[in-house]
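Peer 1: I have a structure I would like to understand better, so I am pasting it below and will then ask my questions one at a time.
Any read-out appearing in this document is the output of simple, stated calculations on the displayed coordinates, not a laboratory observation. Predicted model, so just to flag it, every value in this text is computed and none were measured. Don't worry about glycine lacking a Cβ; one is built from the backbone with ideal geometry, like all the others, and counts go over all protein chains shown.
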Amino acid sequence: MCSGIRTSGRKLYTTILLVAFTAFLSVMPFSGPLYAGKTDEKKKVERESNEELKKLMEEIDKHYKAAQERMGYYALSSSDWDTLLKAGKVITKLSDRVLKEFVPPDDKEYLKLMKEMKKRSAEIYKAANEKYVGAYEDIQYSFGRLRNSCKNCHNHLGIQLYTNLYPGGTPPK
């Protein structure tokens, strides 16, 4: 009599396991699309973030190029000083925003290069604002260091600018 109960208990246990396993298998196909939806949402947020970063970098580049046009002058006009002042201020502000919003915390090199960019653009702003004797030379030095930090950051991130310089291939290392 006891052995019959054990057998039915074992059958009951096996039946419960079989029903649970079948239920699990029937739910599994639905978990893929649910997960895919989260992935698509994450990609959308990432894409929007990349677009915003791209716009910030385009703004930085615009002011960088405006300041670059003034490098090498020896008689700066008032508007040249204003351009350098604005470039330093805008690049400092935007690089600070990139530091706060876009730099991944685990990428120490990117963090270092963005801090360098902010520091050098702040030096340009300070020198252009004060217009002391030797300010233009300091601006040229800081601009060179700014250019170097931009180049190093682009190399670090694998972003190739000026692709027209190297038609049909990648630039030499």
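Peer 1: With only alpha-carbon atoms in the gyration tensor, what are the semi-axes of the equivalent ellipsoid for segment 46-173, in Å, largest first?
Peer 2: 26, 18, 13
Peer 1: Also, I was wondering about something else. Can you tally the net charge around Ala135? Count Lys and Arg as +1, Asp and Glu as -1, for every other residue whose Cβ sits under 14 Å from the Cβ of Ala135.
Peer 2: -3
Peer 1: Arrange the following residues from fewest to most other Cβ atoms within 10 Å of their Cβ: Arg120, Arg70, Arg145.
Peer 2: Lowest to highest Cβ neighbour count: Arg145, Arg70, Arg120.
Peer 1: Let me ask something else about it. All other residues with a Cβ under 12 Å from the Cβ of Tyr64 taken together, and with Lys, Arg as +1 and Asp, Glu as -1, what is their net charge?
Peer 2: Net local charge, Tyr64 excluded: +3.
Peer 1: Moving on. What aspartates and glutamates could a cross-link reach from Lys55, if we take a straight Cα to Cα line under 18 Å and drop same-chain neighbours fewer than 8 places away?
Peer 2: Glu46, Asp96, Glu101
Peer 1: If neighbour count is taken as other Cβ atoms inside 10 Å, put Phe143, Phe102 in order from fewest to most.
Peer 2: Lowest count first: Phe102, Phe143.
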